[in-house]
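The values are calculated or read from the model by the stated rules, or taken from the named source; none is laboratory data. Computed from a predicted structure; not experimentally measured. Cβ placement follows ideal geometry from the backbone for every residue including glycine, while neighbour counts extend to all protein chains displayed. What goes into the accessible areas is simple: the full protein's heavy atoms, side chains included, and nothing from ligands, DNA or RNA. Shrake-Rupley method; radii C 1.70, N 1.55, O 1.52, S 1.80 Å.
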Amino acid sequence: MTHPRVAGPLAHGPLVWLVVSFVCLSVAGCAEAPAVKRFAAASASAGEKFPEIANDIEESCERREKYRLLGRWGADLDSLEEVTALTCAEYGRAVSRLSGAHRVLIGYMKALGNLSAGEIVSYDNPVDDLGDAVVGISGADAKSVAAVKGVSEVLAEAVAGKWRNKQMSTVIERTNADVQALVTALCETIEGDYGRLLDAESEAARKFYLGLIKEHRGEEPLTAVLVYDRWLGEERAIEARRETARSYAKVLHKIGRGHQDLYDHRGALKSKDVRKLVLRHSTAIEDLASNLGGAF
Amino acid sequence: MTELHRDEFRDLAEQFYRLSKELGDYRFSHWEELGKTERLSVESMEWSLLNASSDLTAAAIDLTLDDLKPVVKRVSASTRKMKTAIRKASRAKDVLKIAAAAVELCSAIVSGSPSAVAAALERAIKASS
């Protein structure tokens, strides 16, 4: 039995598939991995919480100073804000520098994500032009057009993907040590230093509230109970801030770990294993980020 | 005088904080035994220690950020390079056009149509130039 000859590229199936196979084999994995893009996006999104945490370094100083002035020294209420702001101005300068360093990290992650996704490169036009061109070829049917488009997309991706991977692996290789140093320093500051400032604030609250309770509970027991409640509320707020800072430090650790994984596998950025690793970090960052709200 | 490292600032901050807290524990647990003047005197020391602890922590943050300066500079430079690389992607786009034209030519050859081959060849030459 003879079959009618089908016009167009599909009529030469084996040859077309040979081209497709060759192109596919020339690229390690045909599909573009959105993993780095998602990793970068998750990092940047979680990073939006950082300014609030950093700002609280100065605000914690102001709260601590208010406890001291109000409790011990009979502060002038009119000038309280002014005095505390002046005392804590140094902390404000540290916050600006800290936020700047963090912005650099997030800016880097965003750029890495953009580079990995090749957002500026549009494949649509060449591929569509090609599709139109194939339609113009006599005898070409819809299947043929689709097949040729498919091949060209793979080839286009192969060219762009290789170019991007080369750029990415170079950047990752050169920057990893600095990213790790930056992440470590930010973690030390947010988890350690800010944590210690919150300890000091908590102790200041204790000195203020417990001092008042001890001094006045004899004459005003009900007021003492209310003050005690207020103190517990302040303690809960401090604990919530501490928890947010801890969670954000975990985000930073994940960013560092994810970048380290990219560095360790920089020669195979498109491999399934790397994609899995990076996606795992992305998911962890997204989960942590969803629990960052509420404390500030 | 030997300059202190940021971790030494942190250690001192922690010790001062603990001292302040222990003095507070003492003052509150001996509230009745201590006279008002003594309480005020102990409390004054507590606040001094607590403030010193926080100032040392702030100094540790400052030192950390000082140490970070060259790191931040290099990461910023990397980011700038990446942005440049992304802009250069337009060159990659040109490569894509050439690749697409090559595939078109390939499919034209496969289709067996001389006019399609001629047209595709012309486009491939234009894309490459």
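Summed over both chains, the contact between B and A buries some 5800 Å² of accessible surface at a probe radius of 1.4 Å. Which value in nm describes the separation of the simple spin-label points at B:Glu122 and A:Glu219, placed 7 Å from the Cα toward the beta carbon? In this crude spin-label approximation the distance works out to 10.3 nm.
Between amide H atoms placed 1.01 Å from N, distances below 5 Å from B:Leu4 occur with no residue 5 or more places distant or on a separate chain. Relative to the 2.2 N^0.38 Å rule of thumb, segment B:16-60 has a C-alpha radius of gyration ratio of 1.24.
Among the listed pairs A:Lys37/B:Lys83; A:Lys272/B:Lys83; A:Lys37/A:Lys276, a Cα-Cα separation exceeding 22 Å is found for A:Lys272/B:Lys83. Residue order by solvent-accessible surface for A:Glu90, A:Glu219 is A:Glu219, A:Glu90, largest first, with ligands and nucleic acids left out and a 1.4 Å probe. Potential lengthening of the chain between A:Arg246 and A:Leu232 amounts to 3.0 nm, from the contour at 0.36 nm per residue minus the alpha-carbon distance.
Across A:Asp56, A:Asp273, A:Asp264, the residue with the most accessible area heads the list, and the full order at a 1.4 Å probe is A:Asp273, A:Asp264, A:Asp56.
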